[in-house]
Amino acid sequence: MARAPFTSFPFVLIILLSIVHLSHCKTLKRDVKALNEIKASLGWRVVYAWVGDDPCGDGDLPPWSGVTCSTVGDYRVVTELEVYAVSIVGPFPTAVTSLLDLTRLDLHNNKLTGPIPPQIGRLKRLKILNLRWNKLQDAIPPEIGELKSLTHLYLSFNNFKGEIPKELANLPDLRYLYLHENRLAGRIPPELGTLQNLRHLDAGNNHLVGTIRELIRIEGCFPALRNLYLNNNYFTGGIPAQLANLTSLEILYLSYNKMSGVIPSTVAHIPKLTYLYLDHNQFSGRIPEPFYKHPFLKEMYIEGNAFRPGVNPIGFHKVLEVSDGDFLV
């Protein structure tokens, strides 16, 4: 008589025991305490969906809305917190910084006020920090530079002031940096150019000063940068020929600054340049002919300058709007 494979029963038993084990894992007390502190400070739109005491669920109740948990050993930990567009009012919930296993923190489109606490630097595993569209204030804490796993940083549409901390250059995996629509002042730290993976830098609509030459002075800087938005600031000086060394650049947005001088023909040799915004500055002279022969250049805005008569733009002019969400993964 044929026998069943001797491994089948033990294998099934192991699977069943694993399921039972996972279903009885407890959520780490540290995370339970932190989430309940946050729950106590939030408005009704969030609290009504946060039922029970365990944010990861307790068997009869599901996990809290916007809370994602993972199993680590004998415990469950909170790895993602996404509570956005629910009109949270009040200061940044400091208890969030006790969720040490967070990889994603998304509190965008609320009404958070006050500063980001320096304890934010405790979230060493954080990859995505999205706080855009709030009313956060004061300086950007340099402790964000301690989040070594960070790939996406969204701080746009707030009321941050002071300088951009050079400690952001300590984020080796940073790809997307959104700082636009704040009150940031001073110069952009050229140290940001050492970020080998930075693809998108948007510092538009602030009170920043300085020159492009200062920003790209470090040799081999911004090797992966595709999009550079510096519009609506107080940048001066000209466009340096060295800008052509940013060979990955596709969008260069310099509108509404105080820049001057002639446009160097070397910039027309950036191989993938697609959108070039020079309008409303003090540029003069002519646009070099290579720009008009560029194989990828679709838009070149030039109005509001002192170019010689007969200098023409390129493409059909429309407002360029790139949504933050286009880059959030």
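The values are calculated or read from the model by the stated rules, or taken from the named source; none is laboratory data. This is a predicted model, so every value here is computed, not measured. Don't worry about glycine lacking a Cβ; one is built from the backbone with ideal geometry, like all the others, and counts go over all protein chains shown.
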Open item on the list: Out of everything in the range 172-211 that is β-branched (Val, Ile, Thr) and surrounded by fewer than 23 Cβ atoms within 10 Å (Cβ to Cβ), what residue ends up being nearest to Leu136 (Cα to Cα)?
Closed with: Val209
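Considering only residues that are among the polar types (S, T, N, Q) and under 14 Å from Leu100 (Cβ atoms), look in the range 60-81 and name the one that is surrounded by the fewest Cβ atoms within 10 Å (Cβ to Cβ). Can you show your working first?
From the range 60-81, those among the polar types (S, T, N, Q) are 65, 68, 70-71, 79; that's our starting set.
Pick out the ones that are also under 14 Å from Leu100 (Cβ atoms) and you get 70, 79.
Working: Ser70: 13, Thr79: 18.
Checked the range 60-81; the qualifying residue surrounded by the fewest Cβ atoms within 10 Å (Cβ to Cβ) is Ser70.
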Task: Unmet criterion (only one of (1) assigned to a loop (DSSP other than H, G, I, E, B); (2) over 23 Å from the mean Cα position of the chain (by Cα)) for Gln242 - done: (1)
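Specify the residue that is farthest from Glu82 (Cα to Cα); the eligible residues are those in the range 41-66 that are in a helix (DSSP H, G or I) and within 28 Å of the chain's Cα centre (by Cα).
Kept after step one, since they are in a helix (DSSP H, G or I), are these residues of the range 41-66: 41, 44-47.
So of that shortlist, the ones also within 28 Å of the chain's Cα centre (by Cα) come out as 41, 45-47.
On the way: Ser41: 16, Arg45: 14, Val46: 11, Val47: 14 Å.
Restricting to residues being in a helix (DSSP H, G or I) and within 28 Å of the chain's Cα centre (by Cα), the top hit is Ser41.
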Open item on the list: Are there strands (runs of 3 or more DSSP E) fully within the range 148-232 with at least 1 residues that are at positive phi, modelled with pLDDT of 95 or more and of a type outside the set (Asp, Glu)? List them.
Closed with: 183-186, 207-210
